[in-house]
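Visitor: Mind looking over this structure? Questions follow.
Throughout, read-outs are computed from the coordinates displayed, never taken from laboratory work. Bear in mind that the values here come from a model prediction, so they are computed numbers and not experimental data. Cβ placement follows ideal geometry from the backbone for every residue including glycine, while neighbour counts extend to all protein chains displayed.
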Amino acid sequence: MSAALEVRGLCKAFGGITVTQNVSLTVEPGERRLIIGPNGAGKTTLFGLIAGEIRPDAGSVHVLGHDVTRLPVPARARVGMARTYQIINLFSRDTLAHNVVLSLLGLLPLRRNAFTALAGRTDLYQKAVALLERVGLGHRAQHLISEISYGEQRRVELALALAQEPRLLLLDEPFAGLSQDERLIIKQLIAAIPRETAIVMIEHDMDIALEFAERITVLHYGQLIVEGDRDRVVNDPMTREIYLGH
Amino acid sequence: MKRSHFLLLAVLIALPWFAGEFYVNLASQILIAVIFAASLNLLVGYAGLTSLGHATYLGLSAYISAWLSLRMGLGHAITAPAALLLTTLVGCCFGWIALRASGLGFLMLTLALSQIVWGLGYRWVGVTNGDNGLSGLTRPAPFGIDLSDSGAYFWFVLVITTVVLYVIARFVNSPFGATLRGTRDQSRRMSSLGYDVWGIRWVTFVFASFIGAIAGLLYVYFNKYIHPSVMSVTVSAEALLAVIAGGSGTLAGPVVGAALVMLLKNYASAYVERWNMLMGIVFVFIVIAMPAGIVPGMRTLLQRLKGGQE
């Protein structure tokens, strides 16, 4: 079985500043991987490279055995990759249900249909409500995104990604800006994601995400410094020096 | 809501029996402006792409149909589909160019492209007859029905307007319409959800230019004359004004907005010499009082009057 994500020798520089420097990593199917590093370590750029929003200068990205290095962003969703955003990026004028329907529609041929009424597709809306129930927001399905709290919006972010039943899920700081209680909810939701989905999470704050991680990758100044299972990385002197010791 | 639509339609159908010729002709012009504004609204309101060059498609289809019938001696059965097809093809090319950018860049590109076509209309005298325009045109007679009478032509325009607005309503409420609004609100998210944002915008651009071409045909049949000024930036801006004043991104918005612009232009100008100034004042008032446009503004007003929450 091919790896969920295989990154080989990835490089990216903006002007003279090298942001990603020869990064290679392999994420097995169903694995829970945490990528950490201090501010400016190149975590978000690495995500951008994997998601296709940024083109690498060198190296390759394989997702579930497909070479996606040159694939545009929308084609990667079709390969089985989904992501959430650090800065909430939802359709705020629409209902929660409509948001999830747009996510479902993204992988259906129905999306090209320009003549039948979308509101008539109750099956899609029912499925959307079911997905919202999974993140505990079923009762809010008919509310507008602008009417719900920030913490709830984070959960909708997750519902949008899960709607596409990805085999590789990229979570970009899913705990950013949340209260202690809200963090706990998100933590549980992530823990409930089935094992068919491999998860790669970026997190700035190591303490929150430590429980989640099976393997951890530490980035520093665009380079991969330490990689291994949780205990090994946490106890590694390099990690302590550049990350925990600050 | 539905009942008021049918009532409006019934009044319009009966219009030629009780209204004078001036008003029937004015009503035809309003409907043509409605189609044109509704096509522009697809871009401005639903795609979030503000175009300042939409008159190109109105003018091109009018000119192509006029030229084919005058210079090639072809009948309406050929000139009409040819004009629609060729104009839509130009829409394909111009959309491909203009959609290299979005926002202000898109606006400037549509403006620049339309200025090229407008310039050709004036300068390519051999084809367009320049500033003299093309005259001596006729109206078609679909299924042998003579449309030279103002009432008959009004009904013809009314039928086409109804069909066009119905098709646009279906388009907007379809899955594709929902994805189009998605690209307007969160284009980055849409592409990570698997949508080809550029393709969605381009298809909409082409569709809008096709509907604009229909308005162009009705325009040239109505006037039986075509002049390059129809492709000027003023015409594009007027339609944009109609969309914004009526309420962009709503189905009724461009209908109300286009009616308002045409009434001010044709009706008020008979009484007020400085009608352009009057139009300016009216629009300033709309933008201040109802920034989202007349239709959304009225909706909020009605809701408040009913005592309900917003």
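Visitor: Averaged across A:161-171, how many Cβ atoms of other chains sit within 10 Å of each residue's Cβ atom?
Guide: Working: counts 2, 0, 1, 3, 0, 0, 0, 0, 0, 1, 0.
For this peptide, the per-residue mean of nearby foreign Cβ atoms is 1.
Visitor: Next question, about the same structure. Give the relative contact order (percent, whole number) for chain B; include only Cα pairs under 8 Å separated by 6+ residues. Don't skip to the answer; put the middle values down first.
Guide: Values: 436 pairs, mean separation 95.0, N = 310.
For chain B, the relative contact order is 31 percent.
Visitor: What are the lysines whose alpha-carbon lies under 24 Å from the alpha-carbon of A:LYS12, with same-chain residues fewer than 8 places away excluded?
Guide: Answer for A:LYS12, where 24 Å is the Cα cut-off: A:LYS43, listed by chain and number.
Visitor: Of B:GLY144, B:GLY246, B:GLY133, which has the largest mean-square fluctuation in a 10 Å C-alpha GNM of chain B?
Guide: Evaluated over chain B, the most mobile residue of the options is B:GLY144.
Visitor: In terms of modelled amide H atoms, which long-range or inter-chain residues lie less than 5 Å from the amide H of A:GLY228?
Guide: Under 5 Å from the amide H of A:GLY228: A:ILE216.
Visitor: Equivalent ellipsoid semi-axes for the protein assembly as shown, as square roots of 5 times the alpha carbon gyration tensor eigenvalues: give them largest first, rounded to whole Å.
Guide: 55, 26, 20
Visitor: Give me the angle, in degrees from 0 to 90, between the Cα long axis of helix A:96-105 and the longest principal axis of the Cα atoms of chain A, rounded to the nearest 10.
Guide: 80
Visitor: Here's another thing I want to ask about it. Using a basic spin-label model with each label point 7 Å from the Cα along Cα→Cβ, how many nm lie between B:PHE18 and B:GLN303?
Guide: Output for this residue pair reads 3.4 nm.
Visitor: Now for a separate question. Have a look at A:ALA77, A:ALA119, A:ALA163 and tell me which one the Gaussian network model of chain A (Cα, springs below 10 Å) gives the largest fluctuation.
Guide: A:ALA119
Visitor: Shifting gears a bit: List the relative contact order of segment A:164-234 as a percent without decimals, with contacts defined as Cα pairs under 8 Å and 6+ residues apart.
Guide: On the way: 63 pairs, mean separation 20.4, N = 71.
This gives 29 percent for segment A:164-234.
Visitor: Can you report the principal axis dimensions of segment B:2-230 using only the alpha carbons, biggest first, rounded to whole angstrom?
Guide: 55, 51, 26
Visitor: Where does chain A land at 222 nm, in deg cm²/dmol rounded to the nearest 500, when only DSSP H runs of n ≥ 4 count, each adding -39500 (n - 2.57), divided by all residues? Numbers along the way, then the final one.
Guide: On the way: 8 runs with 75 residues, N = 246.
After summing the helix terms and dividing by the residues of chain A, the value is -8500 deg cm²/dmol.
Visitor: Quantify how strongly other chains surround peptide B:178-185 by giving the mean number of their Cβ atoms within 10 Å of each of its Cβ atoms. Write down the numbers at each step before the final one.
Guide: Numbers: counts 9, 8, 1, 5, 9, 0, 2, 7.
Shielding by partners across B:178-185 averages 5.
Visitor: For chain A, find the longest principal axis of its Cα atoms and tell me its angle to the long axis of helix A:180-191, 0 to 90°, nearest 10.
Guide: In chain A, helix A:180-191 runs at an angle near 90 degrees to the longest axis.
Visitor: Let me ask another. How about B:LYS224: which aspartates and glutamates have a C-alpha closer than 19 Å to its C-alpha, ignoring those fewer than 8 places off in the same chain?
Guide: B:GLU21, B:ASP131, B:ASP146, B:ASP149
Visitor: Turning to a different aspect of this structure: Taking Cα atoms, how many degrees apart are the long axis of helix A:122-134 and the longest axis of chain A, rounded to 10 and kept between 0 and 90?
Guide: Orientation of helix A:122-134: about 40 degrees from the principal axis.
Visitor: Something else now. Out of all Cα-Cα pairs in segment A:43-157, roughly what percent, to the nearest whole number, are more than 21 Å apart?
Guide: Numbers: 3171 of 6555 pairs.
Result for the distance tail: 48 percent.
Visitor: Can you grab the distance from the C-alpha centre of segment B:192-242 to the C-alpha centre of segment A:110-162, Å, no decimals?
Guide: 34
Visitor: Additional query: Rank B:ARG201, B:ARG299, B:ARG181 by mean-square fluctuation in a GNM of chain B with C-alpha springs under 10 angstrom and give only the top-ranked residue.
Guide: Top of the fluctuation ranking is B:ARG299.
Visitor: Looking at the calculated P(r) for segment B:55-126, what percent of the C-alpha pair distances fall above 17 Å? List each step's numbers first, then the result.
Guide: Numbers: 1242 of 2556 pairs.
Everything past 17 Å amounts to 49 percent.
Visitor: Quick one: what do you get for segment B:104-186 if you divide its Cα Rg by 2.2 N^0.38 Å?
Guide: Values: Rg = 19.5 Å, N = 83, 2.2 N^0.38 = 11.8 Å.
Normalised Rg, Cα atoms only: 1.66.
Visitor: Mind checking the mean number of beta-carbon atoms from other chains within 10 Å of the Cβ atoms in A:98-104?
Guide: Values: counts 3, 3, 0, 2, 11, 6, 1.
Across the residues of A:98-104, the mean count of other-chain Cβ atoms within 10 Å is 4.
Visitor: Let me ask something else about it. Report the Cα centroid-to-centroid distance between segment B:32-84 and segment A:188-246 in angstrom, as an integer.
Guide: With segment B:32-84 and segment A:188-246 each reduced to a Cα centre, they are spaced 59 Å.
Visitor: Let me ask something else about it. Would you kindly calculate the mean projected area, averaged across all directions, of the convex hull enclosing the Cα atoms of chain A, in square nanometres?
Guide: Computed as one quarter of the Cα hull surface, the answer is 14.0 nm².
Visitor: Which whole-number percentage describes the relative contact order of chain A, with Cα contacts under 8 Å and a sequence gap of 6 or more?
Guide: Working: 444 pairs, mean separation 70.0, N = 246.
Relative contact order for chain A comes out at 28 percent.
Visitor: Given the DSSP H assignment, sum -39500 (n - 2.57) over each helix run of at least 4 residues in chain B and divide by its residue total; what's the result at 222 nm in deg cm²/dmol, nearest 500?
Guide: On the way: 14 runs with 225 residues, N = 310.
It lands at -24000 deg cm²/dmol.
Visitor: Report the dimensions of segment A:90-160 along its three principal axes from the alpha-carbon atoms, largest first, rounded to Å.
Guide: Answer, in whole Å and largest first: 35, 22, 18 Å.
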